[in-house]
Amino acid sequence: MKSKDLLEKNKINIWPEEKIERFRLTLLTWYDENKRDLPWRKTSNPYYVWVSEIMLQQTQVDTVIPYYNRFIATLPTISDLAEASEETLLKLWEGLGYYSRVRNMKVAAIQIQNDFDGIFPKNHKDVLTLKGIGPYTAGAVTSIAFNQAHPAVDGNVMRVLSRLFEIDLDISKASTRKVFEQIISHLIDPVRPGDFNQALMDLGATICTPKNYSPELSPVKEFNASYINETWRKYPVKKKKNKVTEQTFYTLMIKKEDGEYLYEKRPKKGVLSGMYTPIMIEQGTLREKGWKLFNEDGSYKNSAEELEQNIEDIYNLKVRIKDQPKGIIKHVFSHLKWEMIVFEALLLEDNAQIKDLKWIHKDQFDQEMFPVPTQKVNKLVDTLTLF
DNA sequence: AATACGTGGCT
DNA sequence: TAGCCAAGTAT
């Protein structure tokens, strides 16, 4: 669909040129005086801008800063990234979440070596071919690093614009982003497109916030139709999320006498792919159909014998499991909740032939990459009483 | 088009 | 607290 059709269809009236120019000036003046001092704003190196934009996906600025500094200090060039091992990369990303982001960055770095002579491409279409770079990130990097007038529409921008123009479209729908990109293509400052995009995001992050929003404090309130019409509480329109799936796992900290603990590498697909967790058995998937560790009244059964039998059947490991759980750990993902009922166990006999098992000494925990649920379980190690 | 994919902060 | 929210992308 042509851009004009897209805006007309949604009854969005773009301002006259004179008003657009006043808006640019007002926004950029505010930005120049109020922009946040962020490490990636000290450079226009496209590699650094790229790293920051990937880290900032669905992640708050304060969380990203230390990760960003460590990442570029460790891997200062694109070729460093292309040659880095998966373990190095995951350790640098440990705790940030959405780990496919860093795996994709390595793929993209190799793409840059192979397809673009090792130099980050300037052409917007070329940038979009890079793994892990979608419409937002392509617009952000080309506008910020190369000063090209491409929209960079993220959640902030959609929230700001939906309030400015009283847009009723559901911002949680993928198709909606294109409408906002059309608006930006009209508004964006042709001289300072990178600053314009960042100004809109800063405005969304600091003033035009999701909660505790006070439109009268905005530097662009005179342009804000929802403020003028007192409809600002309606925007943005966003569909509520569905409830997340809840899963309960019997989680085993299996220990050897020498202080090593057993971990299992997760499958290549799915949540926390390729990362290590303790042995986890989902409640309801045990061999004994319907077997549970709890009595009907919610109290614990006084024996983990059946769980031991399942471990032997599945892993060829003979273990002695302590009867009472060591603790219950809850971890919330974006799309599911885990409840981990943690038991300590002692290895009696190891006939395992599954290669994705790994013994790790507790003194080595700091050197290993663990996802946060595993880190939470690991914290219980110091409290283990053993047998 | 809808869903999978982490984590931490805030109310 | 349970739910929402944060500079999205891949499939």
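The values are calculated or read from the model by the stated rules, or taken from the named source; none is laboratory data. Owing to the predicted nature of the structure, the values given are computational and were not obtained by experimental measurement. Here the Cβ positions follow ideal geometry from the backbone for every residue, glycine too, while neighbour counts run over all protein chains shown.
Check A:40, A:50, A:30 and return the single one that is modelled with pLDDT of 95 or more and in contact with a Pro (Cβ under 6 Å, 6 or more places away or on another chain). It would help to see each step written out before you state the result.
Values: A:40 fails: in contact with a Pro (Cβ under 6 Å, 6 or more places away or on another chain); A:50 fails: in contact with a Pro (Cβ under 6 Å, 6 or more places away or on another chain).
Just one listed residue meets the conditions, A:30.
What about residue A:161, is it crowded, with 21+ Cβ neighbours inside 10 Å, within 14 Å of DNA strand C (Cβ to nearest atom) and modelled with pLDDT of 95 or more? For residue A:161, the condition - crowded, with 21+ Cβ neighbours inside 10 Å, within 14 Å of DNA strand C (Cβ to nearest atom) and modelled with pLDDT of 95 or more - is met. Scanning region A:241-280 for residues that are under 19 Å from the mean Cα position of the chain (by Cα), on the phi > 0 side of the Ramachandran plot, surrounded by 12 or more Cβ atoms within 10 Å (Cβ to Cβ) and among the small types (Gly, Ala, Ser) yields one hit, A:274. The residues on offer are A:199, A:174, A:138, A:149, and the sole one that is assigned by TED's automatic domain parsing to the domain that holds residue A:24 and modelled with pLDDT under 95 is A:174. Restricted to region A:155-187, and to residues there that are away from DNA strand B (no atom under 14 Å from the Cβ) and of a type in the set (Gly, Ala, Ser), the residue that is nearest to the chain's Cα centre (by Cα) is A:162. Restricting the first member to region A:75-95 and to residues that are closer than 17 Å to residue A:52 by Cβ and not assigned by TED's automatic domain parsing to the domain that holds residue A:114, and the second to residues that are small (Gly, Ala, Ser) and more than 16 Å from DNA strand B (Cβ to nearest atom), no beta-carbon pair is closer than 6 Å while six or more apart or on different chains.
Among the residues of region A:58-106, those that are in a helix (DSSP H, G or I), more than 16 Å from DNA strand B (Cβ to nearest atom) and surrounded by 16 or more Cβ atoms within 10 Å (Cβ to Cβ) comprise A:72, A:78, A:81, A:82, A:88.
I'm trying to understand the selection: among the residues of region A:8-38, which are in a loop (DSSP other than H, G, I, E, B) and more than 29 Å from residue A:65 (Cβ to Cβ)? Talk me through it step by step, then tell me what you get.
Narrowing region A:8-38 to residues in a loop (DSSP other than H, G, I, E, B): A:10-16, A:35-38.
Of everything in region A:8-38, those that are in a loop (DSSP other than H, G, I, E, B) and more than 29 Å from residue A:65 (Cβ to Cβ) turn out to be A:10, A:11, A:12, A:13, A:14, A:15, A:16.
If the condition is being part of a strand (DSSP E or B) and loosely packed, with under 15 Cβ neighbours inside 10 Å, then region A:321-334 contributes A:328, A:330, A:332.
One residue alone among A:210, A:219 is within 14 Å of DNA strand B (Cβ to nearest atom), in a loop (DSSP other than H, G, I, E, B) and over 30 Å from residue A:85 (Cα atoms), and that residue is A:210.
So which residues in region A:266-281 are part of a strand (DSSP E or B) and either in contact with a Lys or Arg (Cβ under 7 Å, 6 or more places away or on another chain) or assigned by TED's automatic domain parsing to the domain that holds residue A:164 (or both)?
As a first pass, look at region A:266-281 and keep what is part of a strand (DSSP E or B): A:276-277, A:279-281.
Selection gives A:276, A:277.
Tell me whether region A:95-104 contains one or more residues that are more than 15 Å from DNA strand C (Cβ to nearest atom) and within 21 Å of the chain's Cα centre (by Cα). No, region A:95-104 contains no residue that is more than 15 Å from DNA strand C (Cβ to nearest atom) and within 21 Å of the chain's Cα centre (by Cα). Looking across region A:347-380, the residues that are of a type in the set (A, V, I, L, M) and modelled with pLDDT under 95 come down to A:352, A:354, A:380.
Could you list all residues from region A:130-150 that are part of a loop (DSSP other than H, G, I, E, B), within 11 Å of DNA strand C (Cβ to nearest atom) and touching a helix residue (DSSP H, G or I) at 6+ places or on another chain (Cβ under 7 Å)?
Let us first name the residues in region A:130-150 that are part of a loop (DSSP other than H, G, I, E, B), namely A:130-134, A:147-150.
After this cut, where a residue has to be within 11 Å of DNA strand C (Cβ to nearest atom) as well, the list is A:130-134.
Those that are part of a loop (DSSP other than H, G, I, E, B), within 11 Å of DNA strand C (Cβ to nearest atom) and touching a helix residue (DSSP H, G or I) at 6+ places or on another chain (Cβ under 7 Å): A:130, A:131, A:132, A:133.
Select, from A:302, A:310, the only residue that is touching a Leu at 6+ places or on another chain (Cβ under 6 Å) and either outside any strand (DSSP E or B) or modelled with pLDDT of 85 or more (or both). Quick ask: steps written out before the conclusion?
Values: A:302 fails: touching a Leu at 6+ places or on another chain (Cβ under 6 Å).
That would be A:310, the only listed residue that is touching a Leu at 6+ places or on another chain (Cβ under 6 Å) and either outside any strand (DSSP E or B) or modelled with pLDDT of 85 or more (or both).
Among the residues of region A:324-360, those identified as within 16 Å of DNA strand C (Cβ to nearest atom), touching a residue at least 12 places away in the same chain (Cβ under 8 Å) and of a type outside the set (Gly, Ala, Ser) are A:328, A:329, A:331, A:332, A:333, A:335, A:336, A:337, A:338, A:339, A:340. If you check A:342, A:377, A:381 for being at negative phi, surrounded by fewer than 16 Cβ atoms within 10 Å (Cβ to Cβ) and hydrophobic (A, V, I, L, M, F, W, C), only one passes: A:381.
Taking the condition of being part of a loop (DSSP other than H, G, I, E, B) and of a type in the set (S, T, N, Q), how many residues in region A:107-127 meet it?
Let us first name the residues in region A:107-127 that are part of a loop (DSSP other than H, G, I, E, B), namely A:116-123.
Subset that is of a type in the set (S, T, N, Q): A:123.
Residues that pass the stated criteria total 1.
Could you grab me the full set of residues in region A:197-240 that are over 25 Å from the mean Cα position of the chain (by Cα) and aromatic (Phe, Trp, Tyr)? Working first, answer last.
Of the residues in region A:197-240, the ones over 25 Å from the mean Cα position of the chain (by Cα) are A:214-234.
Matches in region A:197-240: A:223, A:227, A:232.
Candidates are the residues of region A:361-377 that are in contact with a strand residue (DSSP E or B) (Cβ under 8 Å, 6 or more places away or on another chain) and part of a helix (DSSP H, G or I); the one that is nearest to DNA strand C (Cβ to nearest atom) is A:372.
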